[in-house]
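So the structure is just underneath, and the comments pick up after that.
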Amino acid sequence: MQIFSRVVEAGTFAGAAKTLSIPRSTVSKAIQDLESMLGVSLLQRTTRSLRLTPNGSFYYDHCLQMLREIESVEAAFTDSANLPRGLLRVDMTSSFARAVVLPSIDVFLDRYPNLDLILTLGDRTVDLIQEGIDCVVRAGTPQSSALLVARNIGSFEWMTCASPRYIEQHGVPSSLDSLAQHKVVEFHSGRTGRTTDWHFTAPEGEQVVGVRGRLAVNDTDAYISCGLEGLGLIRIASYLAAPHLEAGRLVRVLPEHRGPAVPLSVLYPRNRHLSPSVRAFVDWIVVLARDWTKIRP
């Protein structure tokens, strides 16, 4: 049932095999044996994809229900068989990983010695099921999806910052309108393929400033380095700005013009049997992120 459910979710035998860490031939034989045992065809196979037959759709719905019930029963026991184990694949942005996750990841790994973690870094849109990723951490309001569960793990705000060197040479912007007279470093999003505007909250609603600069970068670490070097004003997440503000390497400017709060979420497939490994990581990242990403004044 687990193999069949994963084939349906992945859309291919190869995709299911990858997420289960078993050979493709094992997946194919399991489906053949299942159909032979039931005496019906569950999947319509084409050269490019798989489709559920009416019998397959009926069987899949009941598989999910029974797998959830089995999980609930097993969760009632506390023996070692239910401890997180195996391979866990997680995707998140490199900046969040470096600032929040990696400094504490040894605590998570020490807590679960039978668990191996593959951490992929990026901000592109990923297909969790097709790519065999167990969960992702993303900023922004998640789109409503029948396939994914989104659990909020905290929030942050965008802060406008400059280095003391920049302020000494160019002064401090006095208003949003004065940003046009200042040097600004642009951030070029690899996900959207364009530079990002700056959003501010105001009594009359959200205000968007389309900043323009002579220098643009597409990497968060490089972007922060530009600000530290005094190459222009930058706008970064509050949890990334905090250590530089506390050390005096950056100064917050336009503090009266705050950015809207940005939610952080961990997302994982809704229909997948939620393994102890995924549950353990989600519970751990919730506690970790809410401490690190709380908005500081």
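Label point of Gln143 set 7 angstrom out along Cα-Cβ; within region 8-22, amide nitrogens under 20 Å from it belong to 9-11. Angle of helix 54-75 to the longest C-alpha principal axis of the chain, folded into 0 to 90 degrees and rounded to 10: 70°.
Placing +1 on the Cβ of every Lys and Arg and -1 on the Cβ of every Asp and Glu, with nothing else charged, gives the chain a dipole about its Cα centre of roughly 500 debye.
Per residue, how big is the convex hull around the C-alpha atoms of region 7-54? Give it to me in cubic angstrom, could you?
Spread over its residues, the Cα hull of region 7-54 gives 71 Å³ apiece.
Within the shell defined by Cβ-Cβ distances under 12 Å, the residues around Leu228 carry a net charge of 0, with Lys and Arg each +1 and Asp and Glu each -1.
Computed from label points 7 Å out along Cα-Cβ, the spacing between Asp197 and Ala247 is 3.4 nm. From the alpha carbon centroid of region 37-51 to that of region 225-242 is 54 Å. Among (1) 23.8; (2) 22.0; (3) 18.7, which is the computed Kirkwood radius over Cα pairs in Å? Step by step, Kirkwood radius over Cα pairs in Å for this structure corresponds to label (2). Out of Leu34, Leu250, Leu264, any idea which swings most in a Gaussian network model of the chain, alpha carbons joined below 10 Å? Largest GNM mean-square fluctuation: Leu34. Gain on full extension, evaluated as 0.36 nm per residue between Ser36 and Arg98 minus their Cα-Cα distance, stands at 17.3 nm. Consider all pairwise Cα distances in region 158-252 and report the whole-number % of them above 20 Å. Everything past 20 Å amounts to 32 percent. Taking 0.36 nm per residue of separation and subtracting the Cα-Cα distance, full extension of the segment from Ser57 to Arg214 would add 51.0 nm. Local charge sum around Val266 (other residues, Cβ-Cβ under 9 Å, Lys/Arg +1, Asp/Glu -1)? Net charge around Val266: +2.
On a 0 to 90° scale, report how tilted helix 276-292 is relative to the longest principal axis of the chain, with both axes built from alpha carbons and the result rounded to the nearest 10. The helix 276-292 is inclined about 10 degrees to the chain. Taking the chain as a Gaussian network, Cα atoms linked when under 10 Å apart, which of Ser265, Ser174, Ser163 shows the biggest mean-square fluctuation? Residue with maximal mean-square fluctuation among Ser265, Ser174, Ser163: Ser174.
Taking every DSSP helix (H) stretch of at least 4 residues in the chain, weighting each as -39,500 (n - 2.57) and dividing the sum by the residue count yields a mean residue ellipticity at 222 nm of -11000 deg cm²/dmol. For region 210-224 versus region 96-163, the inter-centroid distance based on Cα atoms is 23 Å.
Values in this text are rule-based calculations from the coordinates and carry no lab data. The structure presented is a predicted model; accordingly, all values stated were derived computationally and were not measured. Don't worry about glycine lacking a Cβ; one is built from the backbone with ideal geometry, like all the others, and counts go over all protein chains shown.
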